[in-house]
1. Taking a threshold of 32 Å on the Cα-Cα distance, which of the pairs Lys160/Lys209; Lys12/Lys215; Lys83/Lys173 fall above it?
2. Just to be sure I understand the model, the point goes 7 Å from the Cα along the line to the Cβ. What's the resulting Arg13 to Ser32 distance in nm?
3. Rounded to the nearest 500, what is the chain's calculated 222 nm mean residue ellipticity when only DSSP H runs of at least 4 contribute -39500 (n - 2.57) each, over all residues?
4. Aspartates and glutamates near Lys219 by alpha-carbon distance under 16 Å, same-chain residues fewer than 8 away left out - which ones?
5. Taking a spot 7 Å from the Cα of Glu172 along the direction of its beta carbon, which residues of the stretch 196-223 have an amide N less than 18 Å from it?
6. Can you tally the net charge around Tyr200? Count Lys and Arg as +1, Asp and Glu as -1, for every other residue whose Cβ sits under 14 Å from the Cβ of Tyr200.
7. Springs between alpha-carbon pairs under 10 angstrom, Gaussian network model over the chain: which of Cys180, Cys45, Cys152 fluctuates most?
8. Which listed residue (Met139, Leu226, Gln110) has the Cα farthest towards the positive end of the charge dipole for the stretch 96-237, taking +1 on Lys and Arg C-beta and -1 on Asp and Glu C-beta about the Cα centre?
Amino acid sequence: MAGLTGQYIKVKRSKNGVITYGGDQGFFTGESEDSAEARKRRMGCGIVAFGDMLLYLAGQNRRYRFKESERYINRVLSEEEYKDYFNYMYRFLGGLPAKGGNGLSGFRLQGRFNRMARSENWNLRARWGFSGRKIYDRMTEMLERGIPVILCIPLMIFKKDKEEGITFYKKEKDVYSRQCTVSAHYVVVTEVLNENDDIYLGISSWGAKYYVNWKEYLKLIHTHFLGTILGNILYIK
């Protein structure tokens, strides 16, 4: 078992006061599908994952703070505060496609992380993974070093596969119940659990905690076109 030990990102939802587990691109709404707000809601998962990873690092270790992180760390944020932070990351990452597209690539995340690491003199470098065989060891290594793991659930390239994806589970009293099937989506892995001969990844997505079955994830990336490239992690060391 490996996992983050510090407090993860928390945001107080405006409508009901619920405290989230990580950011949520669902804070953004838009009247039309072409609006910037609608694109953020539809394709902003990579921005949330990238921003939350950096905010967690900044909150746990002063050496990884950057100017824009100072006012957001180590406290419960309001939705408006989180949206302000998201919008900074949105600009830093170069925005989202105006039409079509599927959000940000792992290579964009890699490049922008390394740009920030160089400018802030962090002794860290990132690269997007290619091998499915290395993901587990790299995830546990990063978590043991206190670094959240950005994991991508791959896009289903072919029309025949469009309904496929990975199952998100909720956990109650050691029982994992199916919630939804997801593809083409970034999440943040915050823990790895070994339970009854199964491995589950504790993740943050849409401001909530879910679990992904590791064997199911492995099967998905190894049985779909470009699965181990589109479905991999941002490896930071």
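Every read-out reported here was derived from the displayed coordinates using simple, explicitly stated rules and does not represent laboratory data. In this text, all values refer to a predicted model and were calculated from it rather than measured experimentally. Here the Cβ positions follow ideal geometry from the backbone for every residue, glycine too, while neighbour counts run over all protein chains shown.
1. Lys12/Lys215; Lys83/Lys173
2. The two pseudo-label positions are separated by 3.0 nm.
3. Estimated from H runs of four or more residues: -9500 deg cm²/dmol.
4. Asp161, Glu163, Glu164, Asp198
5. 208-212
6. After counting each charged neighbour, the total is -2.
7. Greatest mean-square fluctuation among the candidates belongs to Cys180.
8. Of the listed residues, the answer is Gln110.
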